[in-house]
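Notes for the one structure printed next.
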Amino acid sequence: MSETLTLAAIQMISTPEVAANLATAARLIAQAAARGAQLVALPEYFPIIGGTDADRLAVRETKGSGPIQDFLAETAARHGLWLVGGSIPLTAEDPAKLRNSCLVFDPAGRRIARYDKIHLFGFQKGAERYDEAETIEAGPPAPVVVEALGLRVGLGICYDLRFPELFRAMGTLDLIVLPAAFTDTTGQAHWELLLRVRAVENQCYVLASAQGGRHPTGRMTHGHSMVIDPWGEIVAGMEYGEGVVVAELDPARTAEVRASLPALRHRRL
């Protein structure tokens, strides 16, 4: 493969209303498609950022059935593109919890992959506290790689970014897609740094689609959706707010980086 491919990251400020969020996602995906995007990624929990954990639990869907999954399939088919559906709440084995799941749909609207978030976020600093394990069931500890557009695409969600061994276990990748809803506190400190490191150490492109701004619930997410090349350079990005980040993935750039610094071939562990 030698031709460039067009990628798009969708940035949202999702609300507690699923229907409103789907309408926003539809509008932004259409903008990405109009700009030639062949692969589009939505942010983590694009269908709902509620005021309480119970809000997400209330809109859980079962595998393969529900308005959010129908929306993703229909939208991918309508625009004829690969759609990485950020993450959505699906039922878990524990009836009191959910799976935070990333679904991937091909240009015909067929679901071809599912990744359930493995690493569950926990953080406390002053009054700011998060403990995803209280309501989320971790997915099986196995990496998920998708073949799309001639690329090997590795999937992660938000907090997974802090665990480099997950991405190394995927083998040689062309692209990492990471939907997120990073807190602004941790995002200001580590978001860009970690994204660029994952790109550099895996010598691949990274497409990061984020929640970005002050939500109606009062929560502040960091945004800064971006596309990073295999040398760790930011190709395109935005700060806060709603929008679309579009950039080209150039296989020649990946080949150039790997030829000049063949770190992947130098690994011994």
May I ask you to list the residues in the range 45-92 that are part of a loop (DSSP other than H, G, I, E, B) and among the charged types (D, E, K, R)? Arg60, Lys63
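For the range 110-150, what are the residues that are assigned to a loop (DSSP other than H, G, I, E, B) and either in contact with an Asp or Glu (Cβ under 6 Å, 6 or more places away or on another chain) or β-branched (Val, Ile, Thr) (or both)?
Scanning the range 110-150 gives Ile118, His119, Leu120, Phe121, Thr135, Glu137, Gly139, Val144.
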Which of the residues that make up the range 240-260 are under 20 Å from Val40 (Cβ atoms) and surrounded by fewer than 16 Cβ atoms within 10 Å (Cβ to Cβ)? Gly241
If you go through the range 14-22 one residue at a time, do you hit one that is in contact with a His (Cβ under 8 Å, 6 or more places away or on another chain), assigned to a loop (DSSP other than H, G, I, E, B) and surrounded by fewer than 24 Cβ atoms within 10 Å (Cβ to Cβ)? yes
Considering each residue of the range 165-202, count those that are of a type in the set (Gly, Ala, Ser), part of a helix (DSSP H, G or I) and under 16 Å from Gly223 (Cβ atoms), and give that number. 2
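Residue-wise test of (1) more than 26 Å from Thr254 (Cβ to Cβ); (2) in contact with a strand residue (DSSP E or B) (Cβ under 6 Å, 6 or more places away or on another chain).
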{"residue": "Leu90", "(1), (2)": "yes, yes"}
{"residue": "Tyr115", "(1), (2)": "no, yes"}
{"residue": "His119", "(1), (2)": "yes, no"}
{"residue": "Lys125", "(1), (2)": "yes, no"}
{"residue": "Pro140", "(1), (2)": "yes, no"}
{"residue": "Val153", "(1), (2)": "no, yes"}
{"residue": "Gly171", "(1), (2)": "no, no"}
{"residue": "Asp174", "(1), (2)": "no, yes"}
In the range 193-200, is there at least one residue being surrounded by fewer than 21 Cβ atoms within 10 Å (Cβ to Cβ), within 25 Å of Asp116 (Cα to Cα), among the hydrophobic types (A, V, I, L, M, F, W, C) and under 16 Å from the mean Cα position of the chain (by Cα)? yes
Inspect all residues belonging to the range 252-269 and state whether any of them is part of a strand (DSSP E or B) and at pLDDT 95 or above. no
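The values are calculated or read from the model by the stated rules, or taken from the named source; none is laboratory data. Every value quoted in this text rests on a predicted model; they were computed, and no experiment measured them. Positions of Cβ are backbone-derived with ideal geometry, glycine not excepted, and every protein chain shown enters the neighbour counts.
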